[in-house]
Structures are given as structure tokens and as C-alpha cells.
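Trainee: Quick one: the structure is below, and I'll ask about it shortly.
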Amino acid sequence: MKRLLFRAWLGGWFLGAGLVCADELQQAMTLAQETLQFVQHSRPCPPLAAKLEELNGQAARLPADAASERAELTAAVRQVRRQIILSHPLLDFDKLLINKRPPPGYSHQSRQYLGRYSRPGPGLVVLDRWKDQPTEKMLLEGQLPAGTVMHPDLSFDARRVLFSFCDHTPPDPNHRSFFLWEVGIDGRGLRQLTGTSTDLMVGAAGRRTALIEDFDPCYLPDGGIAFVSTRPQTHIRCQYGSRYFANFLLHRADGDGSNIRQLSFAEAPEWKPSVLADGRIVYARWDYTNRHSYHFQSPWVIRPDGTGTANLYGNLTRNPIHTGEPRQVPGSHKIVSTAMAHHGYTAGSIVLIDPHQGLDALAPLTRITPEIAFPESEGWPIGAFATPFPLSEDLFLAAYTPEPLAREGQVQSVAAYGIYLVDRLGGREFIYRDPAMSCFSPIPIQPRRRPPVLPPSVKLEEETATGVFVVQNVYQSTRPLAAGSVKSLRVIRVFPQTVETPPSRSITPYEMPRQIIGTAPVADDGSVAFRAPAGQPLQFQLLDENGMAVMTMRALVYLQPGETAGCVGCHEPRHAAPEPFGLAGRDIHDLRPAAGPHYEGGLSFARTVQPVLDRYCIKCHGLESTEAGVNLLGTLEQVTFPRDQWPGPNKMIVSRAYYSLVTRDGLVKVAHADMETDYSEPHDYFAHAGRLAPLLLAGHPDENGAPRVNLDRESFAQIVDWLDANAGYYGDYSWNKPEWRGTRPEGERALRESIRGRFGPALAERPFAALVNVALPEESWILKAPLAAETGGWGLLPKNAWRDTSDPNYLHMRQLVEASLAPPPAHRDLAGTCGRNDRCVCDNCWVRLIANPQEALEE
């Protein structure tokens, strides 16, 4: 079989067009004979075998120069071959469900799914006598307005069809949304499941930053529905700048569309769930946490209650870029998938994934359609397959277009795709094509075995906000770690992007804000168990004795409330993870909170790092001098971080301190967007890789080696936390940042007069940023420096020390600090948007105003 596949690929034989070689007749005969042998393993077919033998005899008698006779006989052989393959018992069903709709109006692996890019089509069609003379029955004709049907799924008893539909009645395409519907296979009983008057349409955390859309539905064994939805109200980081790209994650609902619950708390989109034979859900997930923004989209698995999330294949694999549309082969552990591009349609080459052969690279893949290169990573092929449906490891139904696969921004013709039967011998039998409309999603209309119902491993009504993670041995790793080198594990919360276009947040573009939740101690044997917040995307780091990251996870994990999850080690083969994770006899740690001030949102340089610089560093770097050209004052300024790659120069407002640190060669090493390595190595980025943390750990020695600064342990930890969180500046996506607060002139004058009277003119004339932290006023130098160290201050002015924060003099200075700051801006975040309405800068106020247009009138 492999020999013939390779010969067919090299010879150029494709879709019944014949081999472009010296003897097409012989190639056709060889394929037909191997097809006969293949089919007869399952069902003898003596008449067809006799017919093929007769044709073979005729071929032997034809002279080589009888061109027309040979062409005619070649066609006859191919016709018999078609009859043979269609006689396979796996094709003994009378009716085939397909979906007629055009390719979307935008070609990108994720943006194409949104309603605004859909184009209208007839929708669901039942093909009777699909093998020879197909007749059509339109299931939705006259029942729905003009619109688009996507991603149908057939119920286990083959009586109902679940699908997503986008109504094109709204005149503005940007206001169109997909919702879930169901109809009987006879076209009766049409009902809308989501987006109805009873659907509260509530976005996560009260945000209204994306149109709610539901699509990619599939039936679950327990009677529920799995689907993906934009209800998390987040956006894709690398698509900022007036490029609407709402994020969509895995959800579930009851069979009638009620009780919608978010299953996945990942940060980037997920697609096309289907049910495995063991009752779990397989789906495709995009994950680019400090690694390339489009090389890693692969199949993952999850239980129907949202627990047990794990990668199935390809989390570290660049080629193919995206293995999507996963569906398990009946009677096999293998998964059929479409190897596709990131910057293109959901179409490409059909592959089989065998997880038993490994988790990454090409070894677990079998190319079912080797004539189609993996799009983008191997070039841009002529022709592409989509929506494969497996009948066995050898037989597949799929959509196919002979057109060149459209790249991002290009659009394929309305009627590009038809339906074909694909087999591993190299056969590509045409089944059906509508000359006016593309056809996708072929599904045999026949009952299939219902997978087992997996009992929930957590209580769905669980109110606890935490779960438990267990790591058996952090030293069980694909990258060597010295025994005893890991002392604790850090848990980081990652914040998905909440608006389409946020301000820049870091020297590296489209960076995620991060919050250091805390750490748990790692035992001498490498084990650790800890409680962590549920329903949030989390990242782990292994820390050494100085609290610096030794290894950093490059994928996100999350917990359901009450879930216990875990792994063998760090970067161990995923299939090595045991299940379940016993807690008997284990110490389950509550996370020790991060060092420094605590506040809502992600780590802010101005709030966490600047106080340390103000306390220890600005005397030599900003006030009395700027040694080595380093200015560590918190004064804000507009800067541009040059960048050769897209999206080009990164313009943002940051402090002089931040700019000085991150632009000094080798001082701070970040994982730059789309320039990162594919997977973690010990000490590859962050605190260990740059010079700043080791310099401070050594006391910032002078030319004679004498220490010039001695940071307290907590202050050092604040610097390390920032470095290990990839050295961002802002901790949120808001356009109304506390870091941007200005000053009130009369208030500033009053503050300086009080400082002059109490501490003298030298302090009173300091730059405002060396006195007041506008982002977190309680961390201002003028409040912390005179405060006694034993009560949380810095004790830098002992003669004028305040005993504690209840001291009347402290309280008076605190009032002056607050009065020196300008009032908050007129605009504020509203439902996650910038709140500026028609002067919107986040590009999402329109979503909020659709729900409440009165806000615009009131403004």
C-alpha cells in the first residue's frame, strides 16, 4: 500500500484524472486490482472481479500504439474500480448528509468562522442514492431566512442534526452572529437552541467586548451539547489594530441549549469538538504562550465536565502548523485530521494521527493525501481537502477543491468544493458537486454507537473557587534538571486580551499581562501539591533557592472548581501522566502570596518594580546622577521600541526606568513575540538569562568588587517576579490606566510646601515621580521613606520617621499625595470597553452600544 501511495504521489495521479506517466492504463489496472484485493478482505465481489479480469485480458492484447483504444479501456477500468470501492460494506448506507455553503469571505484559520465573514448558502442537504444518481432533499428550505449553515453534526441515532446558523437579515454584516440550531433528519422540528429570548447572552465578567456567537456543535453521550463560543468576551492578541477577532472557547449546554457552561479557560481559540469512543471530547486548540503566534495549533482532549485537559498531539510541532477538524476513526484509536495553514482556510491535507507513536513531529502522522503538501509550512498547494469524515483507517469522505488554497485575505470561489471518497490506496472518487455552490461536511446517515457517559469528576454546582494540582516529580523532565535545584513552584495567572485594540503593554508586542498568584514549596523528592484558583488560565515556573525561574511552562492549564489534576513531572511525555492523582498522605499547600504590594489585575511595573527602584536605586540613577546612562525615575514618556518584524515599531508610554532597563544590552532578556524558541530550556529567558538579577544578587558591586546595594529579600523578589513574568510594563488592557494620571498643580504645590517644611528644600524640589507613585499612591517615596521599617516603611529618614500608618503626620501626607493627583479621567472602563463610545479607541464600544444604545444618547 505504501509503495502504491508513493508511486501515485510522484506520478501525479489525482482525483480520477489518470496517472501522468508512460502507461496510464497499467497504472489504472494496478490500482483497480489492489482495490479489489482491499475490498474482498471485507466482502467478496465475484462479478466485479470477473469484469476486471476480462479488462485485464483486453489490456494485455492491445498494441502499445492503439492510443484511442487504450484510453477507452483505461476509462472502463476506472469505472470498474469505482464500482469495486463503492461496494465496500462500510459504504452500505443509502443517504448522505452534506452542507451547501460558500467558503467564508475571509481566509484565516480563526477569523473565517465569525458571522461577519459568512456568505449565504442553502445549508443542509440529504443526498439519496449518493453513489450513482444523487437526488437532493433540502432540509431547511423555506424555514430560515437567508444565511449560512456551518458545522453540522448527526445525532447518534441519526434522527437529528445539530448545526450553527448565521442569520443574514441584519444589514450590517459586522452585526451578524452564529447560534446553535437543531432539525430532524426529515426536515421537521426545527428549533433554535442558543441566542433565543431565554438565553441571557451573558459575557464573562460582565464584559461586552465581542458579539456572542456559538458554533462548532456536537452531540454528547449524556444528551448535552459541546460547542465553541465567544461568550468569554476576549480577543486574539496578535490581531490588534482594528482587526476584529473575537476569541472562542469550548462550552457545553443541555440538549435544549440551556445551562450553558464554559469548559475551557484557555487564552486563544479552540475549534471543532467531536466525541471520542471513550466519551471524552477531542478538539483543536491554539496556544502561543511565549512562543510563536501561529506555529502551534493541535488536538487536545477534555472530559465533558471540563476536567482532564491534555494535549493529544503536536503541542511542540511546527509542521503541520494546524491539525484541526479531529475525529476518531471508528474501531481505531487513531484520529483523522486536516493538516492546514494558519493564514488560510480550514482546508489542506488529510492525515491520520496515531498518539501511540509519539506526541510530536511527523512520526505519529500518516499522510492520507500525500499529493497535498501541508499548507504554509510546506508551501501553498494546488487543491485542498476539508471536513474529512472517517469510515475506517482506509476510507474517508471529504470535501475537495482543485483550486489553489486561498491565503489570508484571498477568497475562494463560491462553488470551489465538492464531495469525494478518499482511500489510502490512492483513490479519489468523485461523489457530488453543485456547480453553483460548495459542498462540505459529508456525514453518512446511519446510527452510530453512542460512547459511554463519563460521570462528572467534579460537582457541576461546586461553589469552591479552587482546585488542586499535583506534580509527582519536577525532575522527571525532558530537559535535565539537577537534583535539589528546584525549591518551589510559582503559579502565574495569565490574562486573556479583553478588547480588540488595547494599548501596548510591553517591549514585546501582544504580550499577556500576568499576575503572580504565589508559590508552593517543592519537596526533596521533587513532588508538590497545591491549591490554585479555578476557571483561570495558569502558567507554572520552577524556581531555585533565589526564587528565580529555572524552567517555565509554555502552555496554559486550568482547573474546574473542585478538580484535582496533575502530571508526572515537567515536560514529561503526556501519556505518562497517571490518573487519578491520589491526595492521600500528601501535604496540599496554599500558595504563598507574591512579594510586594497586592492589587487587582496583572503585574504592573509602576506598582511592583518602581517602588524598589525608588527605594534603592534612583539616588545614583536619576537624581544625583545617571550612572552608566541609566535613569530609573518613574517619569513617563512616549517611546518607540524598534522591531523589524510585523507588526513593526512598538509605540507606547512607559517610564524612563522601564526604558532604561529593557533597552540595555543583555540586562533584561525577554521572550520576544514570534522570536521565541519552541520549548523551554533551563535558564533560557527571564531572570536567569539577563544580567540584572545576578547583578542585584551580587550587591551591584563597584569596580573593586564591593557591594553598592543590599536589596531586602522581598524587594529582590519583586524584581525577579517582574523579570520572570517577561518584563512587561502594564498589567491590563485598559485605555484608562492609573499609571497615566496627571497632577493637580495646586495640589502639587501644597505637597511640596509640606515636604519643604518637614524635610527641607532638597527633597521638596525632587521630580514629582521621585516623590509620588501615581499608579499606587500608597507606595510613593514620600510616604514609604519616612515610615518606620518595622511597620512596613523603608526607614530612610529616621529623624522624621512616622511610627506607623495611623500616625497623624502620615495621614496628613497621604491626603496631600492624593490631592496632588489629577482626578481620574472623564472616561472609565464600561463592560470591559474604553467607554468612549463614538470616540472609541478599544474598537469594541460598538458591541456594548448594540446591547444598550441609550448610553450613546446619554453621553
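Trainee: Is it fair to say Y679 is touching an Asp or Glu at 6+ places or on another chain (Cβ under 9 Å) and either surrounded by fewer than 18 Cβ atoms within 10 Å (Cβ to Cβ) or in contact (Cβ under 8 Å) with a residue 60 or more places away in the chain (or both)?
Mentor: Numbers: touching an Asp or Glu at 6+ places or on another chain (Cβ under 9 Å): no; either surrounded by fewer than 18 Cβ atoms within 10 Å (Cβ to Cβ) or in contact (Cβ under 8 Å) with a residue 60 or more places away in the chain (or both): yes.
For Y679, the condition - touching an Asp or Glu at 6+ places or on another chain (Cβ under 9 Å) and either surrounded by fewer than 18 Cβ atoms within 10 Å (Cβ to Cβ) or in contact (Cβ under 8 Å) with a residue 60 or more places away in the chain (or both) - is not met.
Trainee: Output the residues belonging to segment 176-196 that are surrounded by 14 or more Cβ atoms within 10 Å (Cβ to Cβ) and outside any strand (DSSP E or B). Before you say what the answer is, go through the steps one by one.
Mentor: Taking segment 176-196 first, the residues surrounded by 14 or more Cβ atoms within 10 Å (Cβ to Cβ) are 176-185, 187, 190, 192-196.
Of everything in segment 176-196, those that are surrounded by 14 or more Cβ atoms within 10 Å (Cβ to Cβ) and outside any strand (DSSP E or B) turn out to be R176, S177, I185, G187, L190, L193, T194, G195, T196.
Trainee: Which ones in segment 151-160 are more than 28 Å from the chain's Cα centre (by Cα) and either without any contact (Cβ under 8 Å) to a residue 60 or more places away in the chain or outside any loop (DSSP other than H, G, I, E, B) (or both)?
Mentor: Once the filter is applied, which keeps residues that are more than 28 Å from the chain's Cα centre (by Cα) and either without any contact (Cβ under 8 Å) to a residue 60 or more places away in the chain or outside any loop (DSSP other than H, G, I, E, B) (or both), segment 151-160 yields R159, R160.
Trainee: Moving to a separate point now. From the residues in segment 254-291 that are in a loop (DSSP other than H, G, I, E, B) and among the basic types (K, R), which one is least open to solvent (accessible area, probe 1.4 Å)? Please lay out each step first, then the result.
Mentor: As a first pass, look at segment 254-291 and keep what is in a loop (DSSP other than H, G, I, E, B): 254-260, 263-269, 276-280, 287-291.
With among the basic types (K, R) added as a condition, the list becomes 280, 291.
On the way: R280: 78, R291: 4 Å².
Among those residues, the one meeting the criterion is R291.
Trainee: Another question about this same structure. Could you give me the residue pairs with C-beta distances under 8 Å whose first residue belongs to segment 469-480 and is under 16 Å from Y679 (Cα atoms), whose second residue is open to solvent by 50 Å² or more (accessible area, probe 1.4 Å) and in a loop (DSSP other than H, G, I, E, B) wherever it lies, and which are 6+ apart or on separate chains?
Mentor: S477/H571; T478/H571; T478/P573; R479/H571; R479/E681
Trainee: Taking segment 113-125 on its own, how many of its residues are touching a residue at least 60 places away in the same chain (Cβ under 8 Å), open to solvent by 10 Å² or more (accessible area, probe 1.4 Å) and either assigned to a loop (DSSP other than H, G, I, E, B) or under 30 Å from Q446 (Cβ atoms) (or both)?
Mentor: 5
Trainee: If you go through segment 236-254, how many residues are over 15 Å from Y733 (Cα atoms) and either charged (D, E, K, R) or without any contact (Cβ under 8 Å) to a residue 40 or more places away in the chain (or both)?
Mentor: 5
Trainee: From the residues in segment 133-172 that are exposed (fewer than 13 other Cβ atoms within 10 Å of the Cβ) and among the small types (G, A, S), which one is farthest from P444 (Cα to Cα)?
Mentor: A146
Trainee: Now for a different question. Checking D360 against (1) at pLDDT below 95; (2) surrounded by 20 or more Cβ atoms within 10 Å (Cβ to Cβ), which single condition isn't satisfied?
Mentor: Just one mismatch for D360, condition (2).
Trainee: It is to be established whether one or more residues within segment 429-442 are within 29 Å of L263 (Cα to Cα), of a type outside the set (F, W, Y) and either touching a residue at least 40 places away in the same chain (Cβ under 8 Å) or in a strand (DSSP E or B) (or both).
Mentor: Step one: filter segment 429-442 for residues within 29 Å of L263 (Cα to Cα), giving 440-442.
Checking the rest, the ones that are also of a type outside the set (F, W, Y) come to 441-442.
If we keep only those that are either touching a residue at least 40 places away in the same chain (Cβ under 8 Å) or in a strand (DSSP E or B) (or both) too, we end up with 441-442.
Within segment 429-442, one or more residues are within 29 Å of L263 (Cα to Cα), of a type outside the set (F, W, Y) and either touching a residue at least 40 places away in the same chain (Cβ under 8 Å) or in a strand (DSSP E or B) (or both).
Trainee: Could you identify the single residue in L633, L583 that is in a loop (DSSP other than H, G, I, E, B), modelled with pLDDT of 95 or more and not hydroxyl-bearing (S, T, Y)?
Mentor: Numbers: L583 fails: modelled with pLDDT of 95 or more.
Exactly one of L633, L583 is in a loop (DSSP other than H, G, I, E, B), modelled with pLDDT of 95 or more and not hydroxyl-bearing (S, T, Y), namely L633.
Trainee: Residues that are assigned to a loop (DSSP other than H, G, I, E, B) and touching a helix residue (DSSP H, G or I) at 6+ places or on another chain (Cβ under 8 Å): does segment 826-833 have at least one?
Mentor: Yes, segment 826-833 contains a residue that is assigned to a loop (DSSP other than H, G, I, E, B) and touching a helix residue (DSSP H, G or I) at 6+ places or on another chain (Cβ under 8 Å).
Trainee: Count, please, the residues in segment 360-413 that happen to be in a loop (DSSP other than H, G, I, E, B) and out of contact with any His (no Cβ under 7 Å at 6 or more places or on another chain).
Mentor: 29
Trainee: Considering each residue of segment 300-345, count those that are touching a helix residue (DSSP H, G or I) at 6+ places or on another chain (Cβ under 7 Å) and either under 24 Å from L154 (Cβ atoms) or basic (K, R) (or both), and give that number.
Mentor: 3
Trainee: How many of the residues in segment 197-245 are open to solvent by 10 Å² or more (accessible area, probe 1.4 Å), among the β-branched types (V, I, T) and in contact with a strand residue (DSSP E or B) (Cβ under 8 Å, 6 or more places away or on another chain)?
Mentor: Number satisfying all stated conditions: 1.
Trainee: For G331, all conditions in the list (1) at pLDDT 95 or above; (2) touching a strand residue (DSSP E or B) at 6+ places or on another chain (Cβ under 9 Å); (3) open to solvent by 10 Å² or more (accessible area, probe 1.4 Å) hold save one; what is the number of the exception?
Mentor: It fails just one condition, (2).
Trainee: Additional query: Within segment 687-737, how many residues turn out to be among the β-branched types (V, I, T) and not in a helix (DSSP H, G or I)? I'd like the intermediate steps shown before the answer.
Mentor: Of the residues in segment 687-737, the ones among the β-branched types (V, I, T) are 709, 719-720.
In the following step, the residues that additionally are not in a helix (DSSP H, G or I) were identified as 709.
Residues that pass the stated criteria total 1.
Trainee: Right, here's the next one. Any residue that is modelled with pLDDT under 95, in contact with a Phe, Trp or Tyr (Cβ under 8 Å, 6 or more places away or on another chain), part of a loop (DSSP other than H, G, I, E, B) and open to solvent by less than 10 Å² (accessible area, probe 1.4 Å) - is there at least one of those in segment 292-301?
Mentor: Yes, some residue in segment 292-301 is modelled with pLDDT under 95, in contact with a Phe, Trp or Tyr (Cβ under 8 Å, 6 or more places away or on another chain), part of a loop (DSSP other than H, G, I, E, B) and open to solvent by less than 10 Å² (accessible area, probe 1.4 Å).
Trainee: Same structure again: Name, by its number, the condition in (1) open to solvent by less than 10 Å² (accessible area, probe 1.4 Å); (2) in contact with a strand residue (DSSP E or B) (Cβ under 9 Å, 6 or more places away or on another chain); (3) farther than 25 Å from G147 by Cα that does not hold for L52.
Mentor: All conditions pass for L52, except number (2).
Trainee: From the list P503, P452, which one is open to solvent by 30 Å² or more (accessible area, probe 1.4 Å) and in a loop (DSSP other than H, G, I, E, B)? First the steps, then the outcome.
Mentor: Numbers: P503 fails: open to solvent by 30 Å² or more (accessible area, probe 1.4 Å).
It is P452.
Trainee: Within segment 696-703, identify whether any single residue is over 15 Å from N726 (Cα atoms) and touching a residue at least 24 places away in the same chain (Cβ under 8 Å), and answer yes or no.
Mentor: Pass one, segment 696-703, residues over 15 Å from N726 (Cα atoms): 696-703.
Among the residues that remain, those that are also touching a residue at least 24 places away in the same chain (Cβ under 8 Å) are: 697.
Looking through segment 696-703, at least one residue is over 15 Å from N726 (Cα atoms) and touching a residue at least 24 places away in the same chain (Cβ under 8 Å).
Per-residue answers, yes or no, for (1) aromatic (F, W, Y); (2) assigned to a strand (DSSP E or B); (3) open to solvent by less than 10 Å² (accessible area, probe 1.4 Å):
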{"site": "T323", "(1), (2), (3)": "no, yes, yes"}
{"site": "H342", "(1), (2), (3)": "no, no, yes"}
{"site": "T346", "(1), (2), (3)": "no, no, no"}
{"site": "S349", "(1), (2), (3)": "no, yes, yes"}
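Trainee: Please enumerate the residues belonging to segment 428-441 that are out of contact with any helix residue (DSSP H, G or I) (no Cβ under 6 Å at 6 or more places or on another chain) and at negative phi. Quick ask: steps written out before the conclusion?
Mentor: At the first step, the residues of segment 428-441 found to be out of contact with any helix residue (DSSP H, G or I) (no Cβ under 6 Å at 6 or more places or on another chain) are 428, 430-441.
Within segment 428-441, R428, F430, I431, Y432, R433, D434, P435, A436, M437, S438, C439, F440 qualify.
Trainee: Looking only at segment 788-805, filter to residues that are modelled with pLDDT under 90 and in a helix (DSSP H, G or I); which one of those is most open to solvent (accessible area, probe 1.4 Å)?
Mentor: Result: K799.
Matching residues to (1) of a type in the set (A, V, I, L, M, F, W, C); (2) open to solvent by less than 50 Å² (accessible area, probe 1.4 Å):
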site	(1), (2)
T640	no, no
G648	no, yes
S660	no, yes
L697	yes, no
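Trainee: Run V39 past the list (1) in a loop (DSSP other than H, G, I, E, B); (2) without any contact (Cβ under 8 Å) to a residue 60 or more places away in the chain and report the number of the one that doesn't hold.
Mentor: (1)
Trainee: Inside segment 371-419, can you point out the residues that are hydroxyl-bearing (S, T, Y) and open to solvent by less than 10 Å² (accessible area, probe 1.4 Å)? Quick ask: steps written out before the conclusion?
Mentor: Applying the first criterion (hydroxyl-bearing (S, T, Y)) to segment 371-419 yields 377, 387, 392, 400-401, 413, 417.
Selection gives Y400, T401, Y417.
Trainee: Please work out if G426 is farther than 28 Å from N311 by Cα, in contact (Cβ under 8 Å) with a residue 40 or more places away in the chain, small (G, A, S) and in a loop (DSSP other than H, G, I, E, B).
Mentor: Numbers: farther than 28 Å from N311 by Cα: yes; in contact (Cβ under 8 Å) with a residue 40 or more places away in the chain: yes; small (G, A, S): yes; in a loop (DSSP other than H, G, I, E, B): yes.
So G426 passes the test.
The values are calculated or read from the model by the stated rules, or taken from the named source; none is laboratory data. Keep in mind it's a predicted model, so treat the numbers as computed, not measured. Backbone-built Cβ (ideal geometry, glycine too); neighbour counts: all protein chains shown. To get the accessible areas, we keep the full protein, side chains included, count just its heavy atoms, and leave off ligands, DNA and RNA. Shrake-Rupley method; radii C 1.70, N 1.55, O 1.52, S 1.80 Å.
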